[in-house]
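Written below as structure tokens is the structure these notes are about.
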Amino acid sequence: MSMTDFLNAEDITKAVGAFTAVDSFDYKKFFQMVGLKKKSPDDVKKVFHILDKDKNGFIDEKELGTILKAFSPDARDLSAKEIKTLLAAGDKEGNEKIGVDDFFALVAES
Ligand SMILES: [Ca+2]
Ligand SMILES: [Ca+2]
């Protein structure tokens, strides 16, 4: 399963291209640009499962670091600062990782 099964490849290229500068990542704009906000809960869940690479039910710091790569293999890694910001925004119950409910809330906020 890959992102382009649900999302438009051109939208992904544009979105990843908009945040090539280190510390420029803005999850709200990014999720809007890839079209995630308009997707059904089912598709949002599928995207979550792609981002949860080791399939343990959470997107952890390490998986957040490669979130752009999950959309486009030659994208950059997020910086430590970007990971911290994203985690602070997304981790509602404070367990240092993004669960599926956290992810739905993040997408809804975007
Ligand atoms: Ca995981
Ligand atoms: Ca959490």
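With Ser79, Ser72 as the choices, which residue is open to solvent by less than 50 Å² (accessible area, probe 1.4 Å), farther than 20 Å from Ser2 by Cβ, away from ligand 2 (no atom under 16 Å from the Cβ) and at pLDDT 95 or above?
Ser79 is the lone residue from the list that is open to solvent by less than 50 Å² (accessible area, probe 1.4 Å), farther than 20 Å from Ser2 by Cβ, away from ligand 2 (no atom under 16 Å from the Cβ) and at pLDDT 95 or above.
Can you confirm whether region 86-101 contains a residue that is away from ligand 2 (no atom under 16 Å from the Cβ), on the phi < 0 side of the Ramachandran plot and open to solvent by less than 30 Å² (accessible area, probe 1.4 Å)?
No: zero hits.
Quick check on region 49-69: of everything there that is touching a residue at least 40 places away in the same chain (Cβ under 8 Å) and part of a loop (DSSP other than H, G, I, E, B), which residue is farthest from ligand 2 (Cβ to nearest atom)?
Gly57
If you check Phe6, Phe30, Phe48, which single one turns out to be modelled with pLDDT under 95, at negative phi and open to solvent by less than 50 Å² (accessible area, probe 1.4 Å)?
Criteria check complete, one pass: Phe6.
The values are calculated or read from the model by the stated rules, or taken from the named source; none is laboratory data. Quick caveat, the model's predicted, so the values are computed rather than measured. So basically every Cβ, Gly included, is an ideal-geometry build from the backbone, and we count neighbours across all protein chains shown. Please note that ligands, DNA and RNA were not included when accessible areas were found on the heavy atoms of the full protein model with its side chains. Shrake-Rupley method; radii C 1.70, N 1.55, O 1.52, S 1.80 Å.
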